[in-house]
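Reading through the C-alpha cells given below for one structure.
The values are calculated or read from the model by the stated rules, or taken from the named source; none is laboratory data. Predicted model only: the values in this text are computed from it and were never measured. Ideal geometry is used to build each Cβ from the backbone, glycine not excepted, and the neighbour counts take in all protein chains shown.
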Amino acid sequence: MNTEQIDKIMLANAGKIDLDRETDIRQGLVGADFRLAEAAFAEMKSPVTVLLVSIFLGSLGMDRFILGQKFLGVLKLVTAGGCFVWTVIDWFTSGERTRSYNTRRLLERLASADAPLSSEAPGTTVATEVTDRTE
C-alpha cells in the first residue's frame, strides 16, 4: 500500500484502534495488500457497540464474549457482573479494551499475510483443488 492509502484507512478507523501503536500498524500496512487491509479493518469491533452491550448486557458478560474473553465472560456471568461492581468498571474501560483488541487482531492479521482472506468467495480454493486433480 502507498502512503496515501495508509493515511486514508488510518483516518477512517482512528476511533477503533489504539493510536499508541500507530507506527506498528503503519509498518504492517506498508507491505500489505489493500484487500487484506480492508478485510482486517472491516472485522473490527466498534467501541460504541461494545459500550452499549456492556451497559445493557454487561452483567451477563456479553461484552467480554464479544472481545473473545470467554473465561472472563463466564466468570462475569456466574458472579452477576461481580455483584455489579465489575460491570460498572467495564463501562469505563470498554473503549480502551475494544481498541486494544482491534489493534492486536489487526497486527496479527497483517503479520500472517500468507493466510487466506476470510472475505474470499466460498469455494474458491475447492475449485483450485479440483482443477489440480484433473491435470
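Quick notes on this structure:
- Of the helices (runs of 4 or more DSSP H) that lie entirely inside the stretch 27-131, those containing 1 or more residues that are modelled with pLDDT of 95 or more and within 19 Å of the chain's Cα centre (by Cα) span 47-57, 62-66, 70-78, 85-111.
- Flag if residue 104 is without any contact (Cβ under 8 Å) to a residue 12 or more places away in the chain and not acidic (Asp, Glu): yes
- Against the list (1) in contact with a helix residue (DSSP H, G or I) (Cβ under 9 Å, 6 or more places away or on another chain); (2) touching a residue at least 24 places away in the same chain (Cβ under 8 Å), the condition residue 26 fails is (2).
- Members of the stretch 31-84 that are under 30 Å from residue 3 (Cα atoms) and charged (D, E, K, R): 33, 35, 38, 43, 45
- Pairs with Cβ under 9 Å, 6+ apart, first in the stretch 42-69 and free of Cβ contacts under 8 Å to residues at least 12 places away in the same chain and under 11 Å from residue 91 (Cα atoms), second among the basic types (Lys, Arg) and crowded, with 20+ Cβ neighbours inside 10 Å: none
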